[in-house]
1. So how much slack lies between residue 119 and residue 91, counting 0.36 nm per residue of separation and subtracting their Cα-Cα distance, in nm?
2. Sort 72, 100 so the one with the fewest other Cβ atoms within 10 Å of its own Cβ comes first.
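The numbers here are math on the coordinates, done by the rules we state, and not lab data. The shown structure was predicted, so the numbers you read here are calculated from the model rather than taken from an experiment. Note that we place each Cβ from the backbone using ideal geometry, even for glycine, and neighbour counts take in every protein chain shown.
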Amino acid sequence: MWFKSSSPGPSGQKSTSAPDAKNPQHKRHYGEAIEQQAEAWLVQQHGLQPLERNYGIRAGEIDLIMQHNQVLVFIEVRYRADDDHGSGAESITYQKQRKLRKTAEHYLQQHFGNCPPDCRFDVISASGQPVQFDWIQNAF
């Protein structure tokens, strides 16, 4: 299922005051700001419950872990200022998917042992100014 936001961000403002994404020293802070906005959008607009942010092990990192009804959702957030190089979702390679799966397996083992819940991998593809979100459920 794919949702596209055409409304302002979660704060109701038309634009974000996050640092310039093209400046390398601000890239990480900008990414964190986009992740926070995506999390707030999922909570406020779609009723997901946040569990973890930036869960990482040596193999990789999962941006958001949330609960959607009875399903545990591992979410990768990708931002593109424009579509010149494809969407954020298109930038998730097979290798990145493998890292996300490995990290999710670790999370499940640590938190649920031999009784993992139903889970899925979603992608939030963010783009533009003001930031718009595309939510791709069961992305891979």
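1. Taking residue 119 through residue 91 to full extension adds about 7.9 nm, to one decimal.
2. Working: 72 19, 100 23.
Fewest-to-most ranking of 72, 100: 72, 100.
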